[in-house]
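Only one structure is covered here, and it is reproduced in the block below.
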Amino acid sequence: MTKALEIKNLQKSYDNGFEALKGINLEVQEGDFYALLGPNGAGKSTTIGIISSLVRKSSGHVSVFGYDIDSDMVKAKRMLGVVPQEFNFNQFEKVQDIIVTQAGYYGIPAAEARKRSEKYLKQLGLWDKRNNVSRMLSGGMKRRLMIARALIHKPKLLILDEPTAGVDIELRRSLWDFLREINEQEGTTIILTTHYLEEAEQLCRNIGIIDKGEIVENTSMKNLLGKLQQESFVLDLREPVADVPKFAGYTVRKVDDLSIEVDVAKNQGVNDLFRQLSDYSISVASMRNKSNRLEELFVSLTTDTPVEKSVSENSGEEKGESQP
Amino acid sequence: MSEWKYNLVAFNTIFSREIRRFMRIWPQTLLPPVITMTLYFVIFGAVIGSRVGEMGGFDYMTFVVPGLVMMSVITNSFTNVASSFFSNKFQKSIEELLVSPVPNWVILAGYTMGGVVRGLYVGVLVMLLGAFFIELQIHHVLVTLLAVFLTATLFALGGFINAIFAGKFDDIAIIPTFVLTPLTYLGGVFYSVDVLPEPWRQLSMLNPILYQVNAFRYGILGQDSGISIGWAFAVMTLAIVILAVWALHLLRVGKGLRS
């Protein structure tokens, strides 16, 4: 299988001495949907900057579909489409002009680019705005404009740096659908960085976690989630309970009169829990995950805290802050 | 498609975008030089000029028109590239180009030629304005065209280098204000250096703009100013090569563009 991206011993020190990347290694296969996760300042944007040639690496090798970004720069760049974190289009130009101009940089003549831009602008809901000056667009539209711009030369590898930051829920879902579609139907390899762990869990097949300039985890999403030792569920009750009875094999805490929290160990299942609930005549209205499971892992991997500990110690409120 | 065709499309894209830009904001780019130059023509040419008498063998108005055309070409070709490139750098939209496979020399050529066209466009406008005041007759078409083209290219490259070094908008105003304007005003636009006493005459000979203005004036008026035209063209060509190599070097190392 072809490697869409191969990074070997990539190292970057900035002029002020800050070592942003400490020799990372990373491989992403063709057709993959890959998430690169990490806290702020972990090195995600530096990595993307180096791949897209906006940041100069200190040492190491990067190749895109087998083309080295140093020795085969032009071919590597043709394979690559990048959606950066910050808006970086000319605020005074019109939406369609921005895309047609970008196409021109890839050697696509204007007439062909206009035709092609129609498809992406329609798919991303920007066709009605094609003659608007870009600075007049809403934040979500600006982000979609950058996605359309990145796709106009039909790159085989699309890299998105926090594509849904500051985007409302509805739009985020429609972007997810769009990205899934181009990954599945057009076979575009996608790498995205995100703060929203739910996003990575929903979209990506493989995942890398980067922290302080080092890759601390690089595996399939399935494997990673399999590492969870336990999960916490919140049960909403039909009728208030005064005291929570003892449950054999489960740790149960009362949140308030109408809800309780239950820790369920890996492979333990919830059948027995519900049997016991019935025994106590506790009627459950609904049940949900206490928080995103991936978030537990993420916190544990980037703060050196064991998973079990972080699950039981982190309160819902704390997690609320890091959620969108 | 061959690499050449890709590069040609990319060049056209940058070039036509540059032209679109200065045409779109014509009240900022084309109108001011027209108004300023009309004032120059009226005041220096018609009002004061009639009292000056002859300059370099011509009546003052005839003498000053080629100088003012050249001054407009210099300022406009420089400013166009400096403003456009810096503004793209400031808005980060220059990244659109930097992530693309466009070679550096195509980027430089596209921006430079955009600036050249703005310089020539304004030059023609000023020339047409001048035609209201004097009987315009071009004596050496080739010399005139070559002088104006080389001058516009040279200053467009200068504007590019200025924009690369600039970190804020003030930085693209400093060079035009403190270097370009004094050199132009003292570069034989308004007077013939022959009227200067020594050592000012000799000192003026060090001003590169003097040669360009004189070469252009020679092309239009056919007047020999005592400065070799061949020498003027050789100096301009050499300066263009030096600035182009410097600009390409700055692009290669990513000065002010890549961290």
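Return the only residue of A:Leu171, A:Leu160, A:Leu126 being touching a residue at least 12 places away in the same chain (Cβ under 8 Å), under 30 Å from A:Ile210 (Cβ atoms) and either more than 21 Å from the chain's Cα centre (by Cα) or within 14 Å of chain B (Cβ to nearest Cβ) (or both). Before you say what the answer is, go through the steps one by one.
Details: A:Leu171 fails: either more than 21 Å from the chain's Cα centre (by Cα) or within 14 Å of chain B (Cβ to nearest Cβ) (or both); A:Leu126 fails: under 30 Å from A:Ile210 (Cβ atoms).
Checking each option against the conditions leaves just A:Leu160.
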| message | Out of everything in region A:75-113 that is more than 8 Å from every other protein chain (Cβ to nearest Cβ) and assigned to a strand (DSSP E or B), what residue ends up being farthest from the chain's Cα centre (by Cα)? | response | A:Lys94
| query | Failed condition for B:Ala166, given (1) closer than 21 Å to B:Val241 by Cα; (2) at pLDDT 90 or above, with all others met? | reply | (1)
| request: For B:Met127, indicate whether it is under 30 Å from A:His153 (Cβ atoms) and away from chain A (no Cβ under 14 Å). | output: no
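With A:Leu145, A:Leu171, A:Leu151 as the choices, which residue is touching a strand residue (DSSP E or B) at 6+ places or on another chain (Cβ under 9 Å) and among the hydrophobic types (A, V, I, L, M, F, W, C)?
Details: A:Leu145 fails: touching a strand residue (DSSP E or B) at 6+ places or on another chain (Cβ under 9 Å); A:Leu171 fails: touching a strand residue (DSSP E or B) at 6+ places or on another chain (Cβ under 9 Å).
Of the residues listed, the single one that is touching a strand residue (DSSP E or B) at 6+ places or on another chain (Cβ under 9 Å) and among the hydrophobic types (A, V, I, L, M, F, W, C) is A:Leu151.
Which of the residues that make up region B:211-239 are without any contact (Cβ under 8 Å) to a residue 24 or more places away in the chain and in a helix (DSSP H, G or I)?
First pass over region B:211-239, keeping only residues without any contact (Cβ under 8 Å) to a residue 24 or more places away in the chain: B:224, B:227-228, B:230-231, B:234, B:238.
The answer is B:Gly230, B:Trp231, B:Ala234, B:Leu238.
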| Within region B:88-107, can one find any residue that is away from chain A (no Cβ under 14 Å) and in a helix (DSSP H, G or I)? | no
| message | I'd like to check something: does region A:40-57 contain any residue that is out of contact with any Asp or Glu (no Cβ under 6 Å at 6 or more places or on another chain), part of a strand (DSSP E or B) and under 22 Å from A:Lys77 (Cα atoms)? | response | no
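Rundown of residues vs (1) among the acidic types (Asp, Glu); (2) within 14 Å of chain B (Cβ to nearest Cβ); (3) closer than 25 Å to A:Leu301 by Cα; (4) touching a residue at least 12 places away in the same chain (Cβ under 8 Å), yes/no style:
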| site | (1), (2), (3), (4) |
| --- | --- |
| A:Ile48 | no, yes, yes, yes |
| A:Ser52 | no, yes, no, yes |
| A:Val55 | no, yes, no, yes |
| A:Ser59 | no, no, no, yes |
| A:Gly66 | no, no, no, yes |
| A:Met73 | no, yes, no, yes |
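The values are calculated or read from the model by the stated rules, or taken from the named source; none is laboratory data. It should be emphasised that the depicted structure is a prediction, and the values quoted were computed from it without experimental measurement. Quick reminder, even Gly has a Cβ in these numbers, built from the backbone with ideal geometry, and neighbours come from all protein chains shown.
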